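The values are calculated or read from the model by the stated rules, or taken from the named source; none is laboratory data. Note that the structure is a prediction, hence the values are computed from the model and not measured. Using ideal geometry, Cβ is built from the backbone for each residue, glycine included, and neighbour counts are taken over all protein chains shown.
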Ligand code: SAH
Ligand code: SF4
């Protein structure tokens, strides 16, 4: 393109800025940086996140000169869908190719009038929880903000859901896919800010959930940047067991994790919030009645609800899913102690979309956990994951 604009002239060699992952503030700064008014950011955000438009020439409320300029210096590029699978229960899973060729997964789980998108934050994970297939892969790299919010964009796009205005194809998001969100906190916070921004996806902060296995220093600071719902992956009633299955516990033991999570919710203006405690039940490891009793003592008076996740097996995992009776007994002890307890329904099991099944085949395709599912009194916080 022939032009005297220095920004355009240099762009042939410079990398284009991907606007997809920029927060409102970052996009305003981008426009200011190229000598444009800040309100351009609002116009462009609506095109990208409400309308699903990637082509600057279709952004008809921008002048032709600005459209040409943006075309030269910027882009709107989501990650690529490598493959898509639909489960008989309505769950849809995407393998998503990110720069460098690695694959991550996102899963959309429709349920009644809501649909929860489970989003990945990293390629692989460094924390090596012993029962997690992502952990077994090791860590490759952090996802960028564009790659994280791009999973939401792709999910809506895949259902051709833009006409609904704010993309109601997705009503809830859980950061429970591959990776540890608090080890990629900047990009996760930016993308969650887009999830909640009215100019992007406009989700209530209660309907976006960050799940962490306990990166306590990052959790201690999280309230300064974020007000989404919080889930912590506890999985054990004491440090001895947790040290064996969640190695980061050796650095940040249970007491410090629980205190940090409580400080996070105490810092929120909404005083009714609680921490979701995720507890993956592993046969013979942490699923005995005495473990349930110890857990109820540990969490006595703690502002929480408990989500039990019967282990989802994968090849060479070294763990087993507890029997239905064991799950039931564990659940009952906690219920009788007065906790709000749910047992996570296995979803998308015919396409390996359940927790811990992102790699390899599925050994156990039963749906028996569904029998034990109790409903949350407050159903805003989601209870599905796929790490
Ligand atoms: N890294 C974050 C978020 C992703 S994991 C975290 O650990 O919290 C989402 C949830 O799925 C976590 O609670 C995790 O422990 C659980 N999970 C991982 N593998 C699982 C498996 N094979 N079966 C059941 N739950 C699993
Ligand atoms: Fe990482 Fe979470 Fe898997 Fe642990 S459970 S290895 S933190 S993804």
How many residues are over 30 Å from residue 48 (Cβ atoms) and either within 8 Å of ligand 1 (Cβ to nearest atom) or under 16 Å from the mean Cα position of the chain (by Cα) (or both) when one looks only at the range 120-150? 6
Among the residues of the range 72-93, is any within 21 Å of residue 157 (Cα to Cα), under 16 Å from the mean Cα position of the chain (by Cα) and part of a strand (DSSP E or B)? yes
If I go through the range 17-50 residue by residue, how many of them are within 23 Å of residue 160 (Cα to Cα) and assigned to a loop (DSSP other than H, G, I, E, B)? 1
Name the single residue that is farthest from residue 157 (Cα to Cα) among those in the range 222-236 being out of contact with any strand residue (DSSP E or B) (no Cβ under 9 Å at 6 or more places or on another chain) and touching a residue at least 12 places away in the same chain (Cβ under 8 Å). 223
Whichever residue in the range 298-331 is in contact (Cβ under 8 Å) with a residue 24 or more places away in the chain and part of a helix (DSSP H, G or I) and, among such residues, is nearest to residue 267 (Cα to Cα): 298
So which of 265, 245 ends up being in contact with a strand residue (DSSP E or B) (Cβ under 9 Å, 6 or more places away or on another chain) and over 27 Å from residue 136 (Cβ atoms)? 265
Over the range 55-95, the set of residues touching a strand residue (DSSP E or B) at 6+ places or on another chain (Cβ under 8 Å) and without any contact (Cβ under 8 Å) to a residue 60 or more places away in the chain is 56, 74, 75, 76, 80, 82, 83, 90, 95
Please enumerate the residues belonging to the range 190-205 that are closer than 26 Å to residue 252 by Cα and surrounded by fewer than 22 Cβ atoms within 10 Å (Cβ to Cβ). 190
Test: residue in the range 271-284 that is touching a residue at least 12 places away in the same chain (Cβ under 8 Å), in a helix (DSSP H, G or I), more than 16 Å from ligand 2 (Cβ to nearest atom) and assigned by TED's automatic domain parsing to the domain that holds residue 351: no
